[in-house]
Amino acid sequence: MTTIKKITCIGAGYVGGPTMSVIAQKNPNVEITVVDLNQQRIAAWNDENLENLPVYEPGLDAVVGEARGRNLFFSTDVDKAIDEADMIFISVNTPTKTYGKGKGQAADLKFIELCARQIAAVAKSDKIVVEKSTLPVRTAEALKSILDHTGNGVNFHILSNPEFLAEGTAVTDLHNPDRVLIGGEDAEAIEALVQVYEAWVPRERILTTNLWSSELSKLVANAFLAQRVSSINAISELCEVTGANVDEVAHAIGKDSRIGSKFLKASVGFGGSCFQKDILNLVYIARSYHLNEVADYWEQVILLNDHQKTRFAERIIKTMYNTVNGKQIAFLGWAFKKDTNDTRESAAIYVADHLLDEEANIIVYDPKVSAEQIYRDLDYLGTRSPEDNRRLVTVVNTAEEAVNNAHAVAVLTEWDEFKHYDWAKIKENMKRPAFLFDGRKLLDGAELEKLGFSYYAIGEG
Ligand code: NAD
Ligand code: UGA
C-alpha cells in the first residue's frame, strides 16, 4: 500500500492554489509544494498579507493561513519539487489553441507536455502523476508515452482527477464536494489518491472509473452545465417577446425534481475560463471522430451564448434611440461572476466591445477587478488600439463615480452589493431618462420603475 508523504502541484493558478491549500489543510501530515514558473504569482501566494493572495476566493485566506509554512509551500523551484514528490498533480492551463491545426477549438496541450517532459527528465524515483487540468479524452495515453520513453527507467502511474470547483465558491466546493472523481488503471495508485481525499470526503462520494471515463466526464459536466445556461437564456429571449418572466419560468420548471432548480438563472451570457473552451474542445473531439451531428449539437450552446451577449448590447443601443455615441454608460461589474476577480471570457468584455464600436463612453466599476486587468481584456481582443480603449473606457473605484451623470447603467455581474445601493439617489444624479439594463436580472425591477428608472432586464417582457 502506497502512502503519500509528499505532493507537488505544478501550476499555482485558480485550481492548483485553492485545491492544494485545502488538501494541505486536511492532511497535515502530507507535505505539499505548489510550484509555478510565474514568480510574481508565487510571491503573491507567499505574501504575509493574506489579502494579497493572487486568487480572490471567500474563505481562502483562512485556509492558506492555517496550512502555509506548516505543510503547504509555494515555490518556483519546479525541479526540486518534482524530484522530492511521491505524487505530482499537473494543474497548468489548457487554453484553446490560437494557432495551427484545431485553432480556435482544440485544447492547447503544450503546457501539459512541457510538464510531462520535465517530470520525465527530473524524476529518479517512482511517481504517481495526476491530471488535475481539464484535458481531452485520451490525453493520459500521450502523457504515459512521453513519461515512459524519456524517463530514467522509473515507474509512472497516471491518474485522472478532474476538478469540479466553481470560482467564487471554491473553498466550500472543495470542503464539501458533490463527488471526487478518480480515473486510473493501477488499483494501488488509485487507492493512494483516495486516501488523500478520504481525510475529509466521505468514501461514497469518491468515484473511481477508468481513465477515459474520468477525462471525458469533466468535459461533459461542463458542457451540461453550460447547456443549461444557454437553454434558459434561449427562453429568456422568448419571455421578452411574450410577456413571460424568465425567473418565474425557471422556478416553475425547476420544481420538477427531474429538472432541478440549479443553474437556471438567465444572464447576459456565461463566461469564465472553462465553459467555452471545454465545449469547443468537445466539439473538436466529436468532429475528429466524424461525429458531425454530435459536434453541431454542442456547438449550438456556444452560438446561443454569443447571441445572448450581442443581443444585450444591441438592446442597450436600440433603447437609447439607436445611438450611444458619446453617451456615458456605467458598467457595474466586470468579473465573469460574483465573488471572483477572474475576468476570463466575461460577458462584460464582449458587451463593452460592441458598445465601444458605437463610440460609447464606458465607466467601469467592479469591486475586485483592477483597471489594468480591464484594459488588458479589451486590448487582448485587438478590436481597436490601446489608446482608443483608454480614450473610451474609464475605470473607477466606486460605483458612485461610475453612475454620476451617466445616461445608462448596465449590470454585468451579480455582485451582492449592487442590490443594496441607494438607487433613488443614483437616479437623481443620472441623465434623464435614467436607463437601467439589468443583465443579471438582479435588481427589483418594479421598485426601480417606481423610482422612475427606464428598467430593462434579461428575460422580462
Ligand atoms: P491558471 O492559468 O490560473 O493557472 C495555471 C498556472 O500554471 C499558471 O500560473 C501558469 O504560470 C502555470 N504553468 C503553466 N505551465 C507551467 C509549467 N510548465 N511549469 C510550471 N507552471 C506552469 O489556470 P486555472 O484556472 O488554474 O486552470 C488550470 C486547469 O484547471 C485548466 O485545465 C482548467 O480547465 C482546469 N479547471 C479550471 C477551473 C477554474 O475554476 N478555473 C475549474 C476546474 C478545472
Ligand atoms: C464552472 C463549473 O461550475 C465548475 O464545476 C467547473 O469546475 C468549472 O467551470 C471549470 O471547469 O472551470 P465556473 O466557471 O467557475 O465553474 O463558475 P459557474 O458558477 O459555473 O459559472 C459559469 C458562468 O455561467 C458564469 O458566467 C455565471 O454567471 C454563468 N451562470 C451560471 C449563469 O449565467 N446562470 C446560471 O444559472 C449559472
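A few comments on the model shown:
- Counting only DSSP beta bridges whose two residues both lie in the chain, roughly 10 percent are antiparallel.
- Only aspartates and glutamates eight or more places from Lys262 in sequence, or on another chain, were considered; those with a Cα closer than 20 Å are Glu163, Glu167, Asp173, Asp178, Glu237, Asp247, Glu248, Asp339, Glu414, Asp416, Glu460.
- Antiparallel beta bridges, as assigned by DSSP with both residues in the stretch 15-137, represent about 10 percent of the total such bridges.
- Straightening the chain between Ala199 and Gln39 buys 54.5 nm, computed as 0.36 nm per residue apart minus the Cα-Cα spacing.
- Hydrodynamic radius of the stretch 248-345 per Kirkwood, over alpha carbon pairs, in Å: 16.3 Å
- Acute angle (nearest 10 degrees) that the helix 371-381 long axis makes with the longest principal axis of the chain, alpha-carbon atoms: 90 degrees
- Computed from the C-beta positions of Leu114 and Ile253 and an R0 of 45 Å, the FRET efficiency is 0.50 to the nearest 0.05.
- Relative contact order [Cα under 8 Å, 6+ residues apart], the stretch 149-306, whole percent: 19 percent
- Solvent-accessible area, 1.4 Å probe, carbon plus sulfur percent, for the chain: 50 percent
- Across the alpha-carbon atoms of the chain, the computed radius of gyration and Dmax are 23.5, 74 angstrom.
- Average accessible area per residue (Å²) across the stretch 3-59 - probe 1.4 Å, nucleic acids and ligands excluded: 43 Å²
- Applying the criteria of a DSSP loop state and at most 13 other Cβ atoms within 10 Å to the trypsin sites (Lys or Arg not before Pro) of the stretch 181-261 yields Lys255, Arg258.
- Neighbourhood net charge (11 Å Cβ-Cβ; Lys/Arg +1, Asp/Glu -1) for Tyr456: -1
- Principal-axis tilt of helix 110-122 within the chain, Cα atoms, nearest 10 degrees: 20 degrees
- Anchor Lys80: lysines whose Cα lies under 25 Å away (excluding residues fewer than 8 positions away in-chain): Lys5, Lys6, Lys26, Lys110, Lys124, Lys127, Lys132, Lys144
- With a threshold of 25 Å on the Cα-Cα distance, the over-threshold entries among Lys309/Lys425; Lys327/Lys425; Lys101/Lys265 are Lys309/Lys425; Lys101/Lys265.
- Binning the alpha carbon pair distances of the stretch 72-139 at 10 angstrom intervals from zero yields the distribution 19, 47, 25, 9, expressed in whole percent.
- Exposed-loop-free span, longest in the chain, where GluC sites (Glu not before Pro) count as exposed if DSSP calls them loop and at most 14 other C-beta atoms lie within 10 Å: 186-358
- Positive contributions from Lys and Arg (+1) and negative ones from Asp and Glu (-1), summed over other residues with Cβ under 15 Å from the Cβ of Ala424, come out at -1.
- Longest segment of the chain lacking chymotrypsin sites (Phe, Trp or Tyr not before Pro) that sit in a DSSP loop with at most 14 other Cβ atoms within 10 Å: 100-288
- Each Cα pair under 8 Å and six or more residues apart adds its sequence gap; the mean of these over the residue count of the chain is a relative contact order of 12 percent.
- Estimated distance in nm for a label pair at Trp212 and Thr242, the labels positioned 7 Å out from Cα along Cα-to-Cβ: 4.2 nm
The values are calculated or read from the model by the stated rules, or taken from the named source; none is laboratory data. The structure displayed is predicted, hence computed values, not measured ones. Reconstructed Cβ throughout: ideal geometry from the backbone, glycine too, with neighbour counts over all protein chains shown. Surface accessibility is based on the protein's heavy atoms, side chains included, excluding ligands, DNA and RNA. Shrake-Rupley method; radii C 1.70, N 1.55, O 1.52, S 1.80 Å.
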